[in-house]
Amino acid sequence: MSRTGVGALAVVFFFFLVQNTLGLVFSEYAPALALAAVVYYGLTRGPSFGFFLGAAAGVFFEIFSVGRIGHEMIALGLCGLAAGYTATAFFRENLLARVVLPAALVYGEALFRLAMDGGVREMGSVFGILQDAFVWPTILSTAIFSPFLFRLLGRKASPGGYFRG
């Protein structure tokens, strides 16, 4: 793994720890910082890098949580892959990519997790699972904090920053 990959993995792990700490204090209002970092690296480094970094971030969530193994790894890997594929349509400096894409992928990740856990059987309808996956405090806080996170990561990834390739 290159120095850039190790640095990105360390950054995602740091934001994972911050996210979990905020989750203990603010519960459902904590932003999905690790996912926003995966989206940033997916946009800047491409779909394969985003997928593998997202899968690695999912491993962090799998290790420190209770539940079925593999769901978070697949969900975050797919989020990184989706961010990498949208890089051709958006620039990472674009406000749409900084605000809407991380927020939409938070919803997509929650929807994926509910579907994998058999949410349709428990909810009784597709509309029930769509509504239950819409956790507006997390989506809103991620949309608010992701532009700042993108700016911070953009500075660290610059030629004078810590993560030179």
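Could you check, for the range 83-98, whether at least one of its residues is of a type in the set (Val, Ile, Thr) and modelled with pLDDT under 85?
Yes, the conditions are met somewhere in the range 83-98.
Any chance you could count how many residues in the range 5-21 are crowded, with 17+ Cβ neighbours inside 10 Å and over 15 Å from the mean Cα position of the chain (by Cα)?
Within the range 5-21, residues that are crowded, with 17+ Cβ neighbours inside 10 Å and over 15 Å from the mean Cα position of the chain (by Cα) number 2.
With the requirement that a residue be modelled with pLDDT of 90 or more and surrounded by fewer than 15 Cβ atoms within 10 Å (Cβ to Cβ), what does the range 22-52 give you?
Within the range 22-52, just Ser48 meets the criteria.
Given the conditions (1) in a loop (DSSP other than H, G, I, E, B); (2) modelled with pLDDT under 75; (3) farther than 20 Å from Gly42 by Cα, report the number of the one that Gly128 does not fulfil.
Among (1) in a loop (DSSP other than H, G, I, E, B); (2) modelled with pLDDT under 75; (3) farther than 20 Å from Gly42 by Cα, the lone unmet condition for Gly128 is (1).
The values are calculated or read from the model by the stated rules, or taken from the named source; none is laboratory data. Treat the numbers as computed from the prediction; the structure is a model and nothing was measured. FYI the Cβ positions are ideal-geometry reconstructions off the backbone, even for glycines, and counts take in every protein chain you see.
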